């Protein structure tokens, strides 16, 4: 999937949850492959990081996202990617248990399935 197609799919997916804003000038180390968004409604504001790569998203990425969410003054983050390491799932679960930053991990395949089911 091309980067623009992926960006469009992520935008459609996020519109289901609130107002979507694409961030152009966010400091991301891999800015050509990371698409940062904000999705918000009256109750909450989430930073969204959509990774357009095939490698696994691990704990280092989750830690960076946790710091960026705090800097962006958001309630949490939604992370969209192809693959997540088991350690990243475990780290997110531990964050939730300690009532720290809320992070939601969504695989691209899951996002696409939700979009397909919504269009039926």
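Of the residues making up the range 47-74, those that are part of a loop (DSSP other than H, G, I, E, B) and farther than 20 Å from residue 11 by Cβ are 54, 55, 58, 73.
Residues that are surrounded by 13 or more Cβ atoms within 10 Å (Cβ to Cβ) and not in a strand (DSSP E or B) are absent from the range 35-43 altogether. Taken as a whole, the condition of being in contact (Cβ under 8 Å) with a residue 12 or more places away in the chain, surrounded by 15 or more Cβ atoms within 10 Å (Cβ to Cβ) and touching a strand residue (DSSP E or B) at 6+ places or on another chain (Cβ under 7 Å) does not apply to residue 61.
A short reminder: the numbers here are calculations on the coordinates, not readings from a lab. What you are looking at is a predicted structure, and each value in this text was computed from that prediction instead of being measured. Using ideal geometry, Cβ is built from the backbone for each residue, glycine included, and neighbour counts are taken over all protein chains shown.
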